[in-house]
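The values are calculated or read from the model by the stated rules, or taken from the named source; none is laboratory data. These figures come from a predicted structure and were not determined experimentally. FYI the Cβ positions are ideal-geometry reconstructions off the backbone, even for glycines, and counts take in every protein chain you see.
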Amino acid sequence: MFLVDGFGYQTALARLGLSGRLEYVERNLMEKWFHTLKMRVDRFHNSWVGSRLSARKWFEQFVHYYNYQRPHQSLGGRTPADKVLN
């Protein structure tokens, strides 16, 4: 699966025997995730005074929160983990 627009990729994929089906829903979800991450990183970057290890722990906690605790409107109020596991 490619998270790209269809411009020119359809022909290239067809030559490789791939369907070239576009997954806009999943692409949009990924774009939303990156937007959320960028927003959090910007906030983090502007205020962080800790070590690299503590930054890594912060990112690990964010990923856990985002995937296991934060309900997502686009997933009907479920978490990504709920969506994948059920």
For Leu16, are the conditions met, namely being among the hydrophobic types (A, V, I, L, M, F, W, C), surrounded by fewer than 11 Cβ atoms within 10 Å (Cβ to Cβ) and at pLDDT 80 or above?
-> no
Hey, among the residues in region 35-49 that are surrounded by fewer than 11 Cβ atoms within 10 Å (Cβ to Cβ) and modelled with pLDDT of 75 or more, which one's nearest to the chain's Cα centre (by Cα)?
-> His35
